[in-house]
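J.: Structure incoming, see below.
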Amino acid sequence: MIPRACEPYLRNIASQFPVVLITGPRQSGKTTLARHVFSDYGYVNLENLDTADRAREDPRGFLAQYHAKVIFDEIQRVPSLLSYLQQIVDEHPLPASFILTGSQQFNLMHAATQSLAGRIGRLELLPFSAAELREHSPSLLESTTASLRRGWYPPIIDRNLDADLWYENYIATYLERDVRQIENIRDLLAFRRFLSLCAGRTAQLVNLSELAGECGVSHNTIKAWLSVLEASYLIKLVQPYHRNFSKRVVKTPKLYFLDTGLAARLLGIRTDDQLEHHPLRGALFETCVFGELFKAKTNGLAPWDIYFWRDHGGIEVDFILESGRTCIAVEAKSSATFHPDFTISLSKFSTFAGSDLTHAVLVYGGSEAFTFKGVSVVPWNRMEFQGPFILSCSQTGRRSGGS
């Protein structure tokens with residue numbers, strides 16, 4: 001098993017809450033992590049139809065078999081159990097009595113907050129991060145293009161599976177099973193087209209009217225479908241930075257896929273050579289950088305909220321990481337060669353942010369880490385996270401013109 005960066009965070013959650021919920025997309029490693037960290041716990045798989053039926057028919061009798069120190073896998077299959085768990089933990093509020101896993105954020109979190117508010121701690125587990133792979137198999141990160149196309153899902157990496165074939169089946173399973181359970185979507189062909197159209201808009205502003213027109217559905221349907229994708233941990237909508245440095249700020253959110261391999265497959269990219277020359281390679285690289293920043297947050301490594309900055313005058317910064325009253329500005333450039341022009345938007349943003357900006361970072365596709373005019377230039381596959389700062393994994397050098 002490749003060690004997961006979130007393990008210390010998970011253990012901390014487990015020390016404080018009687019119920020722990022591990023959520024995330026299908027096949028992100030939730031069961032493996034739960035059984036590793038809580039190796040002395042009993043295990044119940046609610047994907048098993050007979051087991052799930054027994055739990056629905058007699059929840060009190062079902063739970064009486066296990067008492068505490070048990071993992072209930074895929075709890076969204078029997079959400080009614082949550083109300084009965086509440087009664088147990090109220091009588092015996094011991095830390096980490098029950099470990100739950102589930103892969104449907106919307107329905108599951110609604111049921112959990114209704115039944116277990118104040119009693120449940122939550123961890124969102126996403127596919128592998130570059131930092132996790134760097135410790136295990138650094139050779140997997142040598143090619144930027146190959147990494148973007150392969151993506152980060154554990155089965156592909158752990159078992160060296162064919163990424164193209166795996167994603168094809170993942171998409172089919174998602175459409176046939178998960179989508180039908182989260183939302184009553186009748187036209188799966190239209191939703192499949194919508195999914196591909198979203199992949200073509202990763203790292204771009206969301207245009208609801210344009211998506212509605214291309215899918216042949218209403219504006220409200222597109223909003224509902226975007227919520228389904230977020231609930232399934234396939235995408236994340238990133239809001240514009242809200243600090244009032246300028247009233248000319250774009251107010252539309254940006255869309256990011258949470259796995260570049262999935263986005264590439266939806267775009268019809270099947271080989272590294274196709275991706276190397278694809279017009280959306282830069283957008284997929286930016287998507288990858290977003291994934292690393294978001295995973296640092298969900299893994300408990302960084303306390304920031306992630307935004308973007310773009311005004312109507314053309315000034316844009318890919319990511320603003322806010323923690324308290326301070327922020328970090330991050331630009332992503334897929335080029336393997338550094339150009340001084342890459343830092344222009346960071347410099348312009350610093351004039352708006354002033355002392356609120358504590359750090360400026362350029363993440364790029366090259367291999368050298370250094371500082372240029374106060375900007376930390378960091379290779380994408382060498383990002384490390386310590387507190388609120390992004391650092392490279394080795395001592396950075398300094399380019400001429402730096403300060």
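Each reported figure results from applying straightforward, stated rules to the coordinates on display, with no laboratory input. Source: prediction; values computed, not measured. Every residue, glycine as well, gets a Cβ built from its backbone with ideal geometry; the counts of neighbours run over all protein chains shown.
J.: Scan region 107-118 and tell me whether some residue there is over 30 Å from SER147 (Cα atoms), touching a Phe, Trp or Tyr at 6+ places or on another chain (Cβ under 6 Å) and of a type in the set (Gly, Ala, Ser).
T.: Taking every residue of region 107-118 in turn, none turns out to be over 30 Å from SER147 (Cα atoms), touching a Phe, Trp or Tyr at 6+ places or on another chain (Cβ under 6 Å) and of a type in the set (Gly, Ala, Ser).
J.: Mind telling me which of the residues LEU161, LEU140 ends up being part of a loop (DSSP other than H, G, I, E, B) and not basic (Lys, Arg)? Spell out the reasoning first.
T.: On the way: LEU140 fails: part of a loop (DSSP other than H, G, I, E, B).
After applying the criteria, what remains is LEU161.
J.: Could I ask something else about it? So which helices (runs of 4 or more DSSP H) stay within region 1-99 end to end and still have 3 or more residues that are touching a Pro at 6+ places or on another chain (Cβ under 9 Å)? Quick ask: steps written out before the conclusion?
T.: Values: elements: 7-14, 30-37, 49-57, 59-64, 81-91.
Helices (runs of 4 or more DSSP H) meeting the threshold: 81-91.
J.: Given the condition closer than 26 Å to HIS277 by Cα and of a type outside the set (Val, Ile, Thr), answer yes or no: does some residue in region 238-248 qualify? Don't jump to the end; show me each part of the working.
T.: The first filter runs over region 238-248 and keeps only residues closer than 26 Å to HIS277 by Cα, leaving none.
Within region 238-248 (the criterion being closer than 26 Å to HIS277 by Cα and of a type outside the set (Val, Ile, Thr)), the answer is no, since none of the residues qualifies.
J.: If you don't mind, there's one more thing I want to ask. I need the full set of residues from region 162-207 which are charged (D, E, K, R) and in contact with a strand residue (DSSP E or B) (Cβ under 9 Å, 6 or more places away or on another chain), in order please.
T.: ARG201
J.: Restricting to region 4-21, count the residues that are under 12 Å from ALA96 (Cβ atoms) and in contact (Cβ under 8 Å) with a residue 60 or more places away in the chain. Lay out the reasoning, then the answer.
T.: Taking region 4-21 as the starting set, the residues that turn out to be under 12 Å from ALA96 (Cβ atoms) are 10-21.
Next, from what is left, pick out any that are in contact (Cβ under 8 Å) with a residue 60 or more places away in the chain: 10, 12-21.
Total satisfying the criteria: 11.
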